[in-house]
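K.L.:
A single structure is presented below for examination.
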Amino acid sequence: MKIHEYQAKELLEKAGIPVPRGKVAESPSQAADIASELGIRVVIKAQVHAGGRGKAGGIKLANTPREAEDLSADILQMTLKGLPVKKVLVEEAVSIQKEYYLGFVLDREQRTNTLMVSAMGGIDIEEVAANHPDKIAQIPVDPLLGLVDFQARQACFLAGIDSLSLNDTVKIIKKLFKVYQATDATLAEINPLVVTAEGRVMAADAKFNLDDNALYRHPELESWKEESEEDPIEAEAHRRGIQYVRLEGDIGIIGNGAGLVMATLDEVKRAGGNPANFLDIGGGAKAELVRNALEIVLMDPHVKGVLFNVFGGITRCDEVALGILKGMESLNIQCPIVVRLTGTREKEGRDLLKNTSLVSAEKMTDAAKLILELTHGNSAE
């Protein structure tokens with residue numbers, strides 16, 4: 001789950017990390033009032049879950065409350081990367097001398113959290129990584145020991161952080177890691193961390209990604225979730241309690257168990273196709289859940305065919321078959337469906353699907369080849 005910059009800064013401020021003074025406005029008049037209250041030059045920032053706001057015109061400087069009102073009116077009418085701007089952050093403009101990058105990220109390859117520090121802040125860290133990889137210090141954080149003080153200093157030295165701001169930067173790194181852990185985040189970054197003309201070190205911008213699966217531990221953060229900015233099919237799936245992730249292909253995938261579903265995606269790719277989604281019906285799925293899962297997959301207009309791959313353990317194959325039949329009765333299905341059922345009550349499940357338009361397969365490899373033949377001919381396009 002992504003959160004807005006102003007929400008990320010709220011987390012940072014609570015942790016004792018300095019941030020510019022500011023408030024959120026939903027109308028131009030509110031922006032003018034905030035600018036008047038601050039009494040200084042302000043920056044108006046579009047609040048959307050998208051990067052590159054500055055380049056797209058979503059960040060503007062205002063010298064007066066009237067100018068803040070006019071600029072906010074312009075920004076609130078914008079759409080950035082397909083997302084309408086509904087709020088702006090109005091905060092004090094600071095005189096920036098230097099810009100750094102700080103971040104913690106869940107490194108899935110290394111299976112650990114990683115601290116990243118760079119003296120090249122203010123631009124996308126992906127751009128720095130691509131063009132100046134030597135300018136990013138990366139320090140893995142031991143999951144048992146946590147972030148040790150010397151690691152924060154080591155990262156600053158390796159990144160070339162100025163010695164005059166090093167102590168303040170180290171303090172902020174340690175506080176950022178505490179917030180990162182406390183919120184079950186998968187990404188927490190400050191970009192840029194700025195050194196002002198007065199020598200203050202503060203977070204001028206912030207970004208957090210939170211683990212959706214841990215939100216039950218953070219009800220105060222779950223309220224920040226905005227489904228309107230998610231993929232609409234994913235949002236509908238989550239409302240129905242279905243684990244679904246939309247991808248970019250055209251072969252719908254439904255299975256039970258995350259490992260089996262991922263293996264099915266791999267098999268479809270190996271056969272030359274492109275999966276349209278990840279959907280896990282879980283263990284012990286009943287017929288109605290299976291019907292709902294099929295409906296969710298078919299909401300994607302790009303789907304040309306659907307592949308069911310079910311290994312019956314707790315899940316009964318005949319329940320899955322009943323769910324598919326319910327879907328065929330209630331949904332206007334115009335695409336081929338290949339079903340592979342094996343395990344608990346597989347014979348009963350296969351018997352239920354006899355004399356229908358569904359295509360059965362005994363092996364996963366055969367099922368992947370069949371769905372591609374039915375949707376793309378002899379080979380995937």
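No lab work stands behind these numbers, since they all come straight from the coordinates. As the structure is a prediction and not an experimental result, all values here were calculated from the model. When we count neighbours, we look across all protein chains shown, and the Cβ atoms used for this are built from the backbone with ideal geometry, even at glycine.
K.L.:
If you place +1 on the Cβ of every Lys and Arg, -1 on the Cβ of every Asp and Glu, and leave all else neutral, what size is the dipole of the range 231-374 about its Cα centre, to the nearest 20 Debye?
P.N.:
260
K.L.:
With label points built 7 Å along Cα→Cβ from the Cα atoms of THR64 and ASP266, find their separation and express it in nm.
P.N.:
6.5
K.L.:
If the limit is 31 Å between Cα atoms, which of LYS2/LYS269; LYS225/LYS363; LYS135/LYS225; LYS225/LYS326; LYS81/LYS174 go over it?
P.N.:
In this structure, LYS225/LYS363; LYS135/LYS225; LYS225/LYS326; LYS81/LYS174 exceed 31 Å between Cα atoms.
K.L.:
From the phi of every residue in the range 271-281, what ³J(HN,Hα) in whole Hz does the Karplus formula 6.51 cos²θ - 1.76 cosθ + 1.60 yield, where θ is phi - 60° and glycine or proline is x?
P.N.:
For the range 271-281, the Karplus curve yields 7, x, x, 10, x, 8, 6, 10, 9, 10, 7 Hz.
K.L.:
Given the -39500 (n - 2.57) contribution per DSSP H run of 4+ residues, what per-residue ellipticity at 222 nm results for the chain, rounded to the nearest 500 deg cm²/dmol?
P.N.:
Dividing the helical sum by the residues of the chain leaves -11500 deg cm²/dmol.
K.L.:
Give me ARG217, ARG108, ARG53 ranked fewest to most by other Cβ atoms within 10 Å of their Cβ, as a rough exposure proxy.
P.N.:
ARG108, ARG217, ARG53
K.L.:
Mind listing the phi-derived Karplus ³J(HN,Hα) values for the range 157-169, rounded to whole Hz, using 6.51, -1.76 and 1.60 with θ = phi - 60°, and x for any glycine or proline?
P.N.:
4, 5, 7, x, 5, 4, 4, 5, 10, 5, 4, 5, 5
K.L.:
How high is the FRET efficiency between HIS238 and ILE40 when r is their beta carbon distance and R₀ equals 35 Å, given to the nearest 0.05?
P.N.:
0.25
K.L.:
Starting from the amide H of GLY257, placed 1.01 Å from N in the peptide plane, find each other amide H under 5 Å away whose residue is 5 or more places distant or on another chain.
P.N.:
Those qualifying (amide H under 5 Å, at least 5 residues apart or on another chain) are ILE281, GLY282.
K.L.:
Still on this model: Among (i) 30; (ii) 44; (iii) 25, only one was calculated for this model; which label is it, if the read-out is percent of Cα pairs over 34 Å apart?
P.N.:
(ii)
K.L.:
Right, here's the next one. By counting other Cβ atoms within 10 Å of each Cβ, how are SER223, SER29 ranked from fewest to most?
P.N.:
SER223, SER29
K.L.:
Something else now. Just to check I understand the Karplus step: with θ = phi - 60° and J = 6.51 cos²θ - 1.76 cosθ + 1.60, what whole-Hz values come out for the range 205-218, glycine and proline as x?
P.N.:
Working through the residues one at a time gives 8, 8, 9, 10, 10, 9, 6, 4, 6, 9, 5, 5, 8, 9 Hz.
K.L.:
Provide the FRET efficiency to the nearest 0.05 for the ILE123-THR365 pair, computing r from the beta carbons and using R0 = 45 Å.
P.N.:
The value I calculate is 0.50.
K.L.:
Just in the range 148-252: which GluC sites (Glu not before Pro) are loop by DSSP and have at most 11 other Cβ atoms within 10 Å?
P.N.:
Taking the range 148-252 and a limit of 11 other Cβ atoms within 10 Å, the loop GluC sites (Glu not before Pro) found are GLU198, GLU248.
K.L.:
I would also like to ask the following. Whole percent per 5 Å bin, from 0 to the bin with the longest distance: what is P(r) over all C-alpha pairs of the range 21-92?
P.N.:
4, 22, 33, 23, 13, 5, 0
K.L.:
Continuing with this model, one more query. For GLN97, what residues show an amide H to amide H distance below 5 Å, using hydrogens built from the backbone and excluding near sequence neighbours?
P.N.:
VAL195, THR196, ALA197
K.L.:
Which value, in debye to the nearest 20, describes the size of the charge dipole of the chain about its Cα centre when Lys and Arg Cβ atoms bear +1, Asp and Glu Cβ atoms bear -1, and nothing else is charged?
P.N.:
420
K.L.:
Hey, rough spin-label estimate for GLU13 and ASN131, points 7 angstrom out along Cα→Cβ, what's it come to in nanometres?
P.N.:
A separation of 3.4 nm, rounded to one decimal place.
K.L.:
Separation between the GLN334 and TYR216 pseudo-spin-labels, each 7 Å from Cα along Cα→Cβ, expressed in nm?
P.N.:
Using points 7 Å along Cα→Cβ, the separation is 4.0 nm.
K.L.:
Of ALA15, GLY51, ALA31, whose Cα points farthest to the positive end of the dipole of the range 1-57 (charges on the beta-carbon: +1 Lys, Arg; -1 Asp, Glu; origin at the Cα centre)?
P.N.:
GLY51
K.L.:
With charges only on Cβ, +1 for K and R and -1 for D and E, what is the dipole size of the range 12-99 about its Cα centre, in debye, rounded to 20?
P.N.:
360
K.L.:
Using Cα centres only, tell me the gap between the range 50-82 and the range 265-292 in whole Å.
P.N.:
Comparing the Cα centres of the range 50-82 and the range 265-292, I get a distance of 42 Å.
K.L.:
For the range 96-222, just the Cα set please: Rg and Dmax, both in angstrom.
P.N.:
Here Rg and the maximum Cα pair distance are 14.3, 42 Å.
K.L.:
As I understand it, the value is the acute angle between the Cα axis of helix 258-270 and the longest principal axis of the Cα atoms of the chain; what does it come to in degrees, rounded to 10?
P.N.:
Taking Cα atoms only, the helix is inclined about 80 degrees.
K.L.:
Once both axes come from the Cα atoms, what is the angle between helix 5-14 and the longest principal axis of the chain, in degrees from 0 to 90, rounded to 10?
P.N.:
Roughly 60 degrees between the two axes.
K.L.:
Cβ under 11 Å from LYS45's Cβ, LYS45 left aside: what net charge do those residues give with Lys, Arg +1 and Asp, Glu -1?
P.N.:
It works out to a net charge of +1.
K.L.:
Here's another thing I want to ask about it. Could you state, as a whole-number percent, how many of the C-alpha pairs of the range 246-368 are farther apart than 26 Å?
P.N.:
8
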